[in-house]
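> Got a structure for you, questions after.
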């Protein structure tokens, strides 16, 4: 598959190969494509990693991005870097991009208010909960309301400084405690790409903030690869 699927402004997930040398960062971070020209792809890098950029040159870089529910990935090699106007890593344009059957999304551990109701319920009673983590593919949330696997829910997700998102989601699994609490894993159904972009952009911003305080936290909150 051709590399022309990469677009300027696209959000991607990046992993830099460490070759066992014990660099300070060993996880996945979310980046934005700054340029996608012939021969070179330029990826924005969080400010906290500027000191590492010279050591990343020559290393393998793995990139995952998606469109709707489809994932694409490729491996390339870092060819250069720059600190201005923003920290950036230059990688060789990949010769081939591999399509995956499903897309994985970066997850962010965060507690946010979420409201929901069951599509099948007659009274459409609104229930409440709080997220455990969120991603572009679904959310994990905590609630005291009864929810069952395969239930179809209408979620109202409240992202800070953004308009509430109303999303249709399918319940994948439920873990219940003896105290009557439930942790509910969901996957979005028929989500608009603009809505997904809002969630992914929010994760991108928050991950940058987290890395400015504790870079190691992103290793715990990063995505698994497809």
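> Treat each spin label as a single point 7 Å out from the Cα along the C-beta direction, and report the residue 57 to residue 170 distance in nm.
Simple spin-label model gives 4.9 nm for this pair.
> Report, in whole Å, the centroid distance computed from the Cα atoms of the stretch 164-189 and the stretch 31-83.
Centre-to-centre distance over Cα atoms comes out at 34 Å.
> Roughly how many nanometres apart are two label points built 7 Å out from the Cα toward the Cβ at residue 189 and residue 123?
Once both label points are built, they end up 2.3 nm from each other.
Bear in mind these aren't lab numbers, they're just calculated from the coordinates by the rules spelled out. Since the model is a prediction, treat every value here as computed from it, not as a measurement. Cβ coordinates were reconstructed from backbone atoms using ideal geometry, including for glycine residues, and neighbour counts include every protein chain displayed.
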